[in-house]
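For reference, the structure discussed in these notes is given below.
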Amino acid sequence: MPRRLPSLSPVLAHSLPWVALLLVTAVWLTSMPGQIAIANDPLPDPTGEFNGILQLMDDSGEFVIAWHTWGITHAPGYPLLSLLANLGVRLIDPFGAYPAVAANLLSLFFAIGALLLLGQPLARLEGARTAVAATYLLPAFGILVWLYAVVAEAYAFGLLLAFGTLSLAWALGQAPSRSKLLWLGLLFGLAVGHHRTLLFLAPALLLAAWPARKLGWRVWIEAGLLAAASLLVYLYLPLVAWAGSPWVYGRSPTTWAGFSDAFFAREYSARLAPPTNLPEIWAALDGRLRFLAQEMSSWGLAAGLFGFLPGLLHSKTRKLALVLLLTFAGYWLAPVSQGLLIRSYMMILVASLTLAAAWGVGLLALGQWQRWLPTAGLLLTIGIARNNYVSHKDYIWFHTKDETGQAILADAATLPGAQPIVGEIWGPRYFPLAYGKLVTGELAHIQLVDLRADLSGLPSPPPSTIFVNQAVLYAAPVGLWQEKLGTAVSLSSVGDELIAIQKVPHIEPLATHVLAASPEIELVAGTAVLHPNHRLSMQLIWQARQVPTADYSIFVHVTDQLQILGPGDLLAQGDRNHPVYGFYATSRWQTGELVQDNYLIPLPAERTPQKVFVGLYTANGDGTFTNYLVHELPIAIEK
């Protein structure tokens, strides 16, 4: 006879949930950002419906700032989360030494709490330890679960509320009492107040708590009144605004218009309409499963869906399986648009954890037939979790280990002037600047302006000089700046990706000592520095000898050879159609105008640059080029 896979020993089985939870916590901790994180690669879209607009980190920086300033975030304002988080970060980091880490740790605590509550109804059943361990592991390394467990956001707290509500409803159904029902009403109200999509939990909660109907209708009405009363937490919004919080999203909640914007989450109202015909409905149902398969892997999705079958067939687990099935249906059958359900992410997360619990219930039921089946199921779960970890690690690390936010802070700190005016459009690049100004204080001296894409946020009168990231000029082109400022503007680079927009150009007498010159433009100064991260930073200073008659392009060629004789001799290049990140055509320069031009060029790690050539050129109609200025810069090495 073939040997049967043995069941786990009682001692090992008892500790398995904690081992699984510790493993998940350890991985989450190692991937947590140590600073404000803003990298924002779109979530892959398995349906092709959203065209790269599923951004994952649009708001994390906003939450970090709001949680340190008694602030108000985007709709629905998240008042309960903001209130608790402002208290929490001060407990975790009382001296404010690591504000971003404190905010990220809060999400970690919320996510761990959600996992514990997820397994709670299952853990009350006899012999469920192995199944609970599988429940913790199955969803832990999905893209959304993992990322939002380690960065400041609203989702981990939403999961805590969702599964806290479900766990309490289950406990109420097992042992009805007036106090549990009242607490359930309060908690469900807070959950829906936090994220409106959690309203779709209602059928599952009703089934779980159904035995409590014998408590009488008066108690149920009291619970409903408590649910409504929980929305009084929204008074946080006008109170902190009146108190002078420096971080208030949108219109002020001290007015009815601003308060109702947040309370009714008006900016999402256009996404409410559900699919109305069969092709749309089928596409929505199919798309929702595809997103879950991407989150959990196809194996993870299949395991979760399979878990319902044995769970429903066994009397010991049938009701819990039904409750979980209704919870999953709240996501899959939600009568709202795909845009609301998918782009808000909350119910994808709820569905992922729900399927993990269904898998755990299924394993417990299978164990009633064959004791070794939960152990086999746990081994399969470990394989799925490992695969998810390997598949998603680089994507998570891209978002959490990116240093762009820190670079923005460092560059802004070097801007000239006692109180430089820095403009940025609300979003991920804006948040490091606000973080430095309002939270850490390292940018307390700057004047930060939320420009908005149409530049309606410009102060009146407009400043003579304002510093912006070069990406701003893609959203608000130079022509729009000239229209808003009422004059032609000059541009000059002031560091990596930073541009000074000036009403008056920087004009000096022509330099007497230059590095190289053409009849119309001269290279006054230039430096090239090789950094340990295999990047070459360059700073060039150009000056117009007269008003240029042509739009000259810039070439920057890096080589490890004595001279460049062919394409193989080029290590890297940084050519631009125009100076200043391609935005300031030379034909717009005035006589004597000085223009700074910065470059940051990545280099191959296996080759060491020896020379860098810079110059001006124009492209001819026949595809050839005419050089007007060529200069070789020495390369300094940063120690």
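The values are calculated or read from the model by the stated rules, or taken from the named source; none is laboratory data. These numbers were taken from a predicted model, which means no experiment stands behind them. In this analysis, Cβ positions are derived from the backbone assuming ideal geometry, glycine residues included, and neighbour counts consider all displayed protein chains. These area figures cover heavy atoms from the full protein model, side chains too; ligands, DNA and RNA do not enter into them. Shrake-Rupley method; radii C 1.70, N 1.55, O 1.52, S 1.80 Å.
Could you work out the relative contact order of the stretch 377-445? I mean the mean sequence separation of Cα pairs under 8 Å and 6+ apart, divided by the number of residues, in percent.
Relative CO of the stretch 377-445 lands at 28 percent.
Convert each backbone phi in the stretch 308-322 into a coupling constant with the Karplus relation 6.51 cos²θ - 1.76 cosθ + 1.60 (shift: θ = phi - 60°), then list the ³J(HN,Hα) values in order as whole Hz, x for Gly and Pro.
4, 4, x, x, 6, 6, 9, 5, 5, 10, 4, 5, 4, 4, 5
So what's the angle, to the nearest 10 degrees on a 0 to 90 scale, between helix 155-174 and the longest Cα principal axis of the chain?
Value to nearest ten degrees: 0.
Taking the Cβ of Gln338 as the center, what net charge do the other residues with Cβ under 9 Å away carry, scoring Lys and Arg +1 and Asp and Glu -1? Mind showing how you got there, number by number?
Details: positive: Arg271, Arg288, Arg343; negative: Glu49, Glu280.
Charge balance near Gln338 sits at +1.
Taking the chain as the reference, fit the longest principal axis to its C-alpha atoms, fit the long axis of helix 79-92 to the helix C-alpha atoms, and give the angle between the two in degrees, 0 to 90, nearest 10.
So the helix axis and the longest Cα principal axis differ by about 80 degrees.
Within 12 Å, Cβ to Cβ, of Tyr599, how many net charges do the neighbouring residues add up to if Lys/Arg are +1 and Asp/Glu are -1? Intermediate results must be reported in sequence, preceding the final value.
Values: positive: Arg535, Arg576; negative: Asp496, Glu497, Asp575, Asp597.
Net local charge, Tyr599 excluded: -2.
Which of the lysines could a cross-linker bridge to Lys180, judged by Cα under 21 Å and excluding same-chain residues fewer than eight apart?
Here the lysines satisfying the reach criterion relative to Lys180 are Lys214, Lys319.
With a 1.4 Å probe and all protein chains left in place, how much accessible area per residue does the stretch 111-263 have, in Å²?
Each residue of the stretch 111-263 exposes 38 Å² on average to a 1.4 Å probe.
Taking every DSSP beta bridge with both residues inside the chain, roughly what % is antiparallel (nearest 5)? Provide the component values of the computation, followed by the final result.
Values: 51 of 60 bridges.
Taking every DSSP beta bridge within the chain, about 85 percent pair in antiparallel fashion.
Out of the chymotrypsin sites (Phe, Trp or Tyr not before Pro) in the stretch 84-126, which ones are loop residues according to DSSP with at most 10 other C-beta atoms within 10 Å?
Phe95
Return the lysines within reach of Lys503: Cα separation strictly under 16 angstrom, same-chain partners fewer than 8 residues apart disregarded; answer none if there are no such residues.
Cα-Cα hits under 16 Å: Lys484.
Mind listing the long-range amide H neighbours of Val248? Cut-off is under 5 Å, sequence gap 5 or more, other chains count too, H placed in the peptide plane at 1.01 Å from N.
Residues meeting the amide H criterion: Ile72.
Lys437: which lysines have alpha carbons under 25 Å from its alpha carbon, excluding same-chain residues fewer than 8 sequence positions away?
Lys401
Keeping all protein chains in the complex and leaving out DNA, RNA and ligands, what accessible area do you get for Arg196 with a 1.4 Å probe, in Å² to the nearest 10?
Surface accessible to solvent at Arg196 totals approximately 80 Å².
Mind checking the stretch 344-402 for chymotrypsin sites (Phe, Trp or Tyr not before Pro) that DSSP puts in a loop (not H, G, I, E or B) and that have at most 12 other Cβ atoms within 10 Å?
Here the chymotrypsin sites (Phe, Trp or Tyr not before Pro) that fit, given the DSSP loop and packing criteria, are Trp369.
Report the relative contact order of the chain, percent, no decimals, based on alpha-carbon pairs under 8 angstrom and at least 6 residues apart. Each step should come with its number before you reach the end.
Working: 1185 pairs, mean separation 83.0, N = 639.
It comes to 13 percent, rounded to a whole number.
Calculate for the chain the 222 nm mean residue ellipticity that helices alone would give, adding -39,500 (n - 2.57) per DSSP H run of length 4 or more and normalising by residue count, nearest 500 deg cm²/dmol.
Value at 222 nm, helices only, nearest 500: -14500 deg cm²/dmol.
Scan the chain and report its longest stretch carrying no GluC sites (Glu not before Pro) that are both in a DSSP loop and have at most 12 other Cβ atoms within 10 Å. If you can, show how the numbers build up before the last one.
Working: sites that count: Glu126, Glu606, Glu638.
Counting at most 12 other Cβ atoms within 10 Å as exposed, the longest clean stretch of the chain is 127-605.
Compute the separation of the alpha-carbon centres of the stretch 516-530 and the stretch 398-476 and state it in Å as a whole number.
Distance between centres, Cα-based: 29 Å.
Mind pulling the angle between the C-alpha long axis of helix 99-123 and the longest principal axis of the chain? Nearest 10 degrees, somewhere in 0 to 90.
Taking the Cα atoms of the chain, the angle to 99-123 is about 20 degrees.
Just the accessible area for Ile541, please: 1.4 Å probe, Å², rounded to the nearest 10?
40
Normalised by the number of residues in the stretch 149-223, what is the relative contact order in percent for Cα pairs under 8 Å and 6+ residues apart? Display every interim value, and only then the final one.
Working: 71 pairs, mean separation 31.4, N = 75.
Averaging sequence separation for qualifying contacts and normalising by length gives 42 percent for the stretch 149-223.
How about the stretch 340-397: which trypsin sites (Lys or Arg not before Pro) there lie in a loop by DSSP and see at most 16 other Cβ atoms within 10 Å?
In loop regions of the stretch 340-397 (DSSP not H, G, I, E or B), the sparsely surrounded trypsin sites (Lys or Arg not before Pro) are Arg371.
May I ask you to give the percent of accessible area on the stretch 325-419 that is carbon plus sulfur, with a probe radius of 1.4 Å?
61
With θ set to phi - 60° and the Karplus curve 6.51 cos²θ - 1.76 cosθ + 1.60, what are the ³J(HN,Hα) couplings of the stretch 135-150 in order, to the nearest whole Hz, using x for Gly and Pro?
Residue by residue, the stretch 135-150 yields 4, 5, 6, 4, x, 5, 10, x, 4, 6, 4, 5, 4, 7, 7, 10 Hz.
Give the long-range amide H neighbours of Leu629: residues separated by 5 or more places, or on another chain, with amide H under 5 Å away, using H modelled in the peptide plane at 1.01 Å from N.
Leu616
Provide the per-residue ³J(HN,Hα) series for the stretch 264-277, in order, calculated from phi with Karplus coefficients 6.51, -1.76, 1.60 and θ = phi - 60°, each as a whole number of Hz, with x at glycine and proline positions.
Result, rounded to whole Hz: 8, 6, 4, 5, 9, 4, 5, 9, 6, 4, x, x, 10, 10.
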